[in-house]
Amino acid sequence: MTTLPPKIVLTDVHKSFGPKVVLDGINLSVARGESVVVIGGSGTGKSVMLKSILGLLKPERGSILVDGEEVVGMGQRGRDAIMRKFGMLFQGGALFDSLKVWENVAFGLIQGQKMERSKARDIAIEKLAQVGLAASSGDLFPSELSGGMQKRVSLARAIATSPEIIFFDEPTTGLDPIMADVINDLIVKCVKEVGATALSITHDMASARKIADRIAMLYKGKLIWVGPAKDIDHSGNPFVDQFIHGRAEGPITMELRA
Ligand SMILES: Nc1ncnc2c1ncn2[C@@H]1O[C@H](COP(=O)(O)OP(=O)(O)OP(=O)(O)O)[C@@H](O)[C@H]1O
Ligand SMILES: [Mg+2]
């Protein structure tokens, strides 16, 4: 057994926007080198949870420890140090349109680590190769790539700085099933290769099963089920069952407002 603290620990995290309670007491511990996937319906607060860990949103209650250090209410300098531990694949890719593909991948190296451009370019090309993109694609702009290629560029950017922790927000959304599986394999490979800790969000159960050691389901502000990925089919939880089978009928009711 290791004596190292867990990589990420959330304790009783609460986050509201005005009267809208989004996170209502989240408890989750992610071990070093572990891959945890958070599932849950649209608008349940999955992205808010990731943004809270990154310090982009401030919970009004609770604690978030990264490597044993409290990030809630941390000052700018401490936050910069914490941010350097993270790689992030944002929902929607969030590539910079005005930067070339290689510059997107090298962004954290040049801006964050102040690396020389030529050296950063070499690393960017290497990372692009890792996700199956030719060096020549580095000189294109994101708008010149297909959606699947853009996701791969986002993945290359997320791993470019060899971060200790990688967040993936909907890495396979909008991709065809085969490309989604290619991305899943790349995630598993990249995470295992660098020994990173991974926290991912997805609606895609095939992806969750493939990349997760553990799966957590977010519903009405709480993690209502957390367990090994292999147990998801016999969770004994009707909410989880409904979600993973995509049934309209069940305890989860969609709130559709006119
Ligand atoms: N900055 C913000 N200001 C106000 N409300 C916000 C903000 N960010 C998120 N919300 C609200 O918090 C709720 C949860 O949003 P979030 O983006 O976390 O959902 P999600 O679970 O990631 O959904 P999806 O699967 O569709 O991406 C939504 O109702 C959203 O409108
Ligand atoms: Mg989201």
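Worth pointing out:
- Some residue of region 4-14 being within 16 Å of ligand 2 (Cβ to nearest atom), closer than 11 Å to P59 by Cα and modelled with pLDDT of 95 or more: no
- Selected residue (criterion: nearest to ligand 1 (Cβ to nearest atom)) from residues of region 137-172 that are of a type in the set (S, T, Y) and part of a loop (DSSP other than H, G, I, E, B): T172
- Every residue from region 190-232 that is part of a loop (DSSP other than H, G, I, E, B) and within 13 Å of G40 (Cα to Cα): T202, H203, D204, K220, G221
- Selection count, region 89-108, where residues are assigned to a helix (DSSP H, G or I) and among the charged types (D, E, K, R): 1
- Index of the failed condition, F243 passing every other in (1) assigned to a helix (DSSP H, G or I); (2) within 16 Å of ligand 2 (Cβ to nearest atom); (3) within 24 Å of K151 (Cα to Cα); (4) hydrophobic (A, V, I, L, M, F, W, C): (3)
- Pair list, Cβ < 7 Å and 6+ apart or interchain, from region 240-258 residues that are open to solvent by 40 Å² or more (accessible area, probe 1.4 Å) to residues that are assigned to a loop (DSSP other than H, G, I, E, B) and at pLDDT 85 or above: D241/S235
- Those residues of region 26-57 which are more than 12 Å from ligand 2 (Cβ to nearest atom), under 13 Å from V13 (Cβ atoms) and open to solvent by 30 Å² or more (accessible area, probe 1.4 Å), in sequence order: N27, S29, L57
- Residue that is farthest from K85 (Cα to Cα), among those in region 149-158 that are away from ligand 2 (no atom under 16 Å from the Cβ) and open to solvent by 10 Å² or more (accessible area, probe 1.4 Å): M149
- Every residue from region 159-210 that is open to solvent by 10 Å² or more (accessible area, probe 1.4 Å), touching a residue at least 60 places away in the same chain (Cβ under 8 Å), away from ligand 2 (no atom under 16 Å from the Cβ) and out of contact with any helix residue (DSSP H, G or I) (no Cβ under 8 Å at 6 or more places or on another chain): E164, G195
- Residue count for region 58-96 satisfying the condition of being modelled with pLDDT of 90 or more, over 30 Å from K151 (Cβ atoms) and either within 14 Å of ligand 1 (Cβ to nearest atom) or open to solvent by 40 Å² or more (accessible area, probe 1.4 Å) (or both): 6.
The values are calculated or read from the model by the stated rules, or taken from the named source; none is laboratory data. Small disclaimer: the values here were computed from a predicted structure and weren't measured. Every residue, glycine among them, receives a Cβ derived from its backbone with ideal geometry; neighbour counts consider all protein chains shown. We work out accessible area using only protein heavy atoms, side chains counted, and drop any ligands, DNA or RNA first. Shrake-Rupley method; radii C 1.70, N 1.55, O 1.52, S 1.80 Å.
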